[in-house]
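Notes follow the structure.
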Amino acid sequence: MQRTLVLLKPDSVQRGLLGELISRIERRGLRLVAMKLIQVNETLARQHYSDHITKPFFPGLVKFITSGPLLAIVTEGENAVKIIRSLMGPTDPKDAPPGTIRGDFATSVGPNLIHGSDSVDSATREISLFFSPDEIISYTRDIEKWIIES
Ligand code: IDP
Ligand code: MG
């Protein structure tokens, strides 16, 4: 069982896509175990995107992610990290196939709607930036008793 951090970025809020995007995560079978609408400040933005600090797009990325409220979500389930990454599609929406979130709703690599942690280690780090342990509420769904370990 894995947890991963999803951010529905300020463009998702602005475009009224929160329900659509939450629905895609939920109906895929991942559980929403924490969720909050927040306005990210510059300190948190810089910590969250610290891997990209040397990239030319970093200042623009920090401006964008702090430009308005976003919805932060912790989602949990089998292979949650990879499943969210595949629901998102590639970083640049012009390479994202239809059926993915970026392939269905985005055109530009900046405002590309959604963040998902890229590994289990990143997920642990990023979740702890956005949520305290007591804000995460684990539960199971009855269907999960049929998961067969390989
Ligand atoms: P990811 O969101 O698919 O994991 P990353 O490479 O981690 O992609 O980049 C983080 C975010 O930085 C992207 O989602 C996008 O918003 C922004 N970004 C990445 N590459 C570029 C670029 O070349 N130009 C502008 N923004 C970029
Ligand atoms: Mg990334």
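Descriptive notes on the structure:
- Lys, Arg +1 and Asp, Glu -1 on Cβ, resulting dipole of the chain about Cα centre, debye, nearest 20: 300 debye
- Accessible area ranking (1.4 Å probe, heavy atoms, ligands and nucleic acids excluded), largest first, for GLU42, GLU149, GLU144: GLU149, GLU42, GLU144.
- Span-like helix ranges in the chain, DSSP H, alpha carbon extent 30 angstrom or more, Kyte mean at least -1.0: none
- Selection from PRO56, PRO133, GLN2 lying farthest towards where the dipole of the chain points positive, charges on Cβ: PRO56
- In Hz, Karplus ³J(HN,Hα) per residue of segment 41-47 (6.51, -1.76, 1.60; θ = phi - 60°; x = Gly, Pro): 8, 5, 4, 5, 4, 5, 5
- Cβ-based net charge around VAL81, under 12 Å, with every Lys or Arg adding one and every Asp or Glu removing one: -2
- Under 5 Å, built H, 5+ apart or other chain: amide partners of GLU78: GLN2
- Length added when fully stretched, ASP51-ILE136, from 0.36 nm per residue minus Cα-Cα: 28.1 nm
- Partner lysines for LYS82 [C-alpha distance under 26 Å; skip if fewer than 8 residues away on the same chain]: LYS9, LYS36, LYS55, LYS94, LYS145
- For the chain, the square roots a ≥ b ≥ c of the C-alpha gyration tensor eigenvalues yield an a/c of 1.5 or more together with a/b exceeding b/c, which makes the shape prolate.
- Note on the chain: with neighbouring protein chains present and a 1.4 Å probe, carbon and sulfur make up 55 percent of its accessible heavy-atom surface.
- In Å², nearest 10: area of SER23 left accessible to a 1.4 Å probe: 40 Å²
- Normalised per residue, the accessible area of the chain is 55 Å², obtained with a 1.4 Å probe and no contribution from ligands, DNA or RNA.
- For a modelled paramagnetic label at THR107, 7 Å from Cα along Cα-to-Cβ, the residues of segment 1-29 in reach, with backbone nitrogen under 20 Å, are 9-18.
The values are calculated or read from the model by the stated rules, or taken from the named source; none is laboratory data. Small disclaimer: the values here were computed from a predicted structure and weren't measured. Don't worry about glycine lacking a Cβ; one is built from the backbone with ideal geometry, like all the others, and counts go over all protein chains shown. What goes into the accessible areas is simple: the full protein's heavy atoms, side chains included, and nothing from ligands, DNA or RNA. Shrake-Rupley method; radii C 1.70, N 1.55, O 1.52, S 1.80 Å.
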